[in-house]
Structures are given as structure tokens and as C-alpha cells.
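Sharing a structure with you now.
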Ligand code: TXA
Ligand code: MG
């Protein structure tokens, strides 16, 4: 940790665990360090980063206009998988927010992440620690594979407990606008601040590229089946991503089961590692069973649809 905080203070970039996915962090107030994150990920500069804080007192360093709703959500869900988009403090470098007048802030629920932020003495800007558009990392080994030669350090904190990214909500006008489904289900947010609106899919320059139609993609195509009954388990070269244990035999060596008993929380925690494993098996296609769209199932289906997205008229493989 001493080494890690020294790296952050001197403008380096570090992959670290959070409860959602691994992040790739830099001092949020050091634009050159933040630029290295974009370079390492091959991430387009129009895609803003989330600023991670360890203490509520830090929110005032990066955001202004922190209203009652923000206070109540932070009080209820922080530390935890919820990101608030708020009016930006002028001190936050433009590269962090992609020139927007808003900033995304969250307090992760992970001791290593919190220690890193506290020890570095600065909020840490961090996207997920994957190459742009590829499957998010939920283990240190996933980061090593994708970015090992491009980062100054990887802190191994084991597997991420939540396994899907934070829910993002924008609170810059009277609406409670959900920009990305994630670790906190929308209905839990509604119970605290009232009705939410879910943002429509973006057109060209999206406000949250986690909402680009193709994202979270393995290197082989993903096909999202309508139901398990539709899946042809004899198809050669196919791997299978199932929500729960089926009541018939399946080729276990090519099958990942997200949760034997069909528990959505467990399924979310296993989602990205299962995709990583199938992606590494030399298969031609991954066929996925849908999960029920309630609670965390909404965030899981969001990731599966984007992983399965095919460009209209384009090659079958997601780019
Ligand atoms: O759980 C998470 O949120 C993880 C961990 C590492 O904290 N981080 C993460 O970061 O998922 P990333 O960069 O993969 O996704 C952040 C999303 C992007 O889609 C980005 O466009 C959106 O947050 N975002 C960041 N700042 C924003 C802003 N000011 N307005 C709207 N969207 C914003
Ligand atoms: Mg990401």
C-alpha cells in the first residue's frame, strides 16, 4: 500500500479492486496521469471517468450543487455500487469529465480501494480496468491479461463481490435520471428518493459509453437466446452461459452456470469471470440464456445485450 500510494502521488496508474469490478486509477487532479489511463485502455477521450472518494468530506472537492437527494442517496448507499452525476467543481480537470460540466462520483465499498484513496490523499479517477469495449475485470488475473504491460501496479484483492458496475444516476435537474443499470437496483433507489426515469439509449456521442450498443464484449460473438429451450447444446464450437442449473444434461466442459439455484446476486458476481473463461476456451460462439429482469437481473441483461450486440450489416463479431 505504501508503494501504491507513492505511485499515485507521483502520477502513476494502478489497477485496484472494488466491490463492483477492478478499476484503473490515477490522481483525479493530475491530468497527465489521467491521460495515461485513456492511453492504456485505448479509451476514447469523449468517455468521462468516475471519481472515487473515501470520505464524504471529499465530495465537495469534486462536485458542487450537492442537493438533498444526493445527500440521502450517499447516506443510504455509500460506500457502495452507486455513482452520482453532479455539477462539476471547476477544479476537476476536463480530461476526467470529457469536458462535461458534470462529474460522476462514488465511494467504493472495498477496504483496499478506500485505503488507496486515503493514503494517496486525493480522489482517484478510475474507469473499469479493461481494454475499451472488452469484458470488465472481476479478478486481478483479468487485468493482468488485458493491461499487464500498461500499468504501474496491479493490487490483487481477489474476486469482486458485486461483479457488475455501479448504477449511475444523474441528479443535475429535477429528474432522477438513471444513466446505467448496475449494482443497486432502481427500485431500491426509488424507495429513497422517489420515482426514477431511465435514460433513453444514446445516439452518437453517448453520455455514458457503458451504454454504447456494443460493450462488455468477448473476442468471440455472443448470441442471447430467448430461452434455454431455444439453445442447441449439440452445436459444435459453441460454449454456453446459463443462468441456473438446467433439469437436463448439458456439455459441462463448455458450460458456465452463473448460479446453481438461480440467485441473481450470485449470478451478477459470476457474470464477467464466466464470460472471460468461455472467451479463453478457443470456442467460436457463446450462447447465453436470459436471466429474469428484476433486481440485479436488469443490470445483468443490460451487459448481456451489449455483449451480444451486432452492428447492423456489420461482421458478426462485436467490434
Ligand atoms: O462500478 C463502477 O462504476 C466501476 C468501478 C471501477 O468503480 N467503474 C466503471 O467505470 O464502471 P467505467 O469508466 O467503465 O464506466 C463509467 C461510466 C462510463 O460509461 C461514463 O461514460 C460514465 O460512467 N460517466 C462518467 N462521468 C459521467 C458524467 N459526468 N456524466 C455521465 N456519465 C458519466
Ligand atoms: Mg467500463
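Would you mention how many residues in the range 169-187 are touching a residue at least 12 places away in the same chain (Cβ under 8 Å) and either away from ligand 2 (no atom under 16 Å from the Cβ) or surrounded by fewer than 16 Cβ atoms within 10 Å (Cβ to Cβ) (or both)?
Residues meeting the conditions: 12.
Kindly indicate whether residue 279 is farther than 22 Å from residue 188 by Cα and at pLDDT 95 or above. Before the answer, list the steps.
On the way: farther than 22 Å from residue 188 by Cα: yes; at pLDDT 95 or above: yes.
Spelling it out, residue 279 is indeed farther than 22 Å from residue 188 by Cα and at pLDDT 95 or above.
I need a count of the residues in the range 81-95 that are touching a residue at least 24 places away in the same chain (Cβ under 8 Å), more than 15 Å from ligand 2 (Cβ to nearest atom) and not in a strand (DSSP E or B).
Applying the first criterion (touching a residue at least 24 places away in the same chain (Cβ under 8 Å)) to the range 81-95 yields 81-89, 91-95.
After this cut, where a residue has to be more than 15 Å from ligand 2 (Cβ to nearest atom) as well, the list is 82, 84-89, 91-95.
This time we only want the ones that are not in a strand (DSSP E or B), so: 89, 91-95.
Result for the range 81-95: 6.
Those residues that are in a helix (DSSP H, G or I), touching a strand residue (DSSP E or B) at 6+ places or on another chain (Cβ under 7 Å) and touching a residue at least 24 places away in the same chain (Cβ under 8 Å), I need them from the range 96-149; list them, please.
Within the range 96-149, the subset in a helix (DSSP H, G or I) is 96-97, 111-120, 140-149.
Filter again for touching a strand residue (DSSP E or B) at 6+ places or on another chain (Cβ under 7 Å), leaving 96-97, 112-113, 116-117, 120, 140, 143-144, 146-147.
Hits for the range 96-149 are 96, 97, 112, 113, 116, 117, 120, 140, 143, 147.
Something else: If you go through the range 3-23 one residue at a time, do you hit one that is within 15 Å of ligand 1 (Cβ to nearest atom) and on the phi > 0 side of the Ramachandran plot?
No - not one qualifying residue is present in the range 3-23.
Can you tell which of 54, 98 is over 20 Å from residue 180 (Cβ atoms) and within 19 Å of the chain's Cα centre (by Cα)?
Numbers: 98 fails: over 20 Å from residue 180 (Cβ atoms).
The conditions single out 54.
Of the residues 250, 291, only one is in contact with a helix residue (DSSP H, G or I) (Cβ under 7 Å, 6 or more places away or on another chain), surrounded by 12 or more Cβ atoms within 10 Å (Cβ to Cβ) and touching a residue at least 12 places away in the same chain (Cβ under 8 Å); which? Write out each step before concluding.
Numbers: 250 fails: in contact with a helix residue (DSSP H, G or I) (Cβ under 7 Å, 6 or more places away or on another chain).
Just one listed residue meets the conditions, 291.
The values are calculated or read from the model by the stated rules, or taken from the named source; none is laboratory data. In this text, all values refer to a predicted model and were calculated from it rather than measured experimentally. Methodologically, a virtual Cβ is constructed for each residue, glycine included, from the backbone with ideal geometry; neighbour enumeration extends over all protein chains shown.
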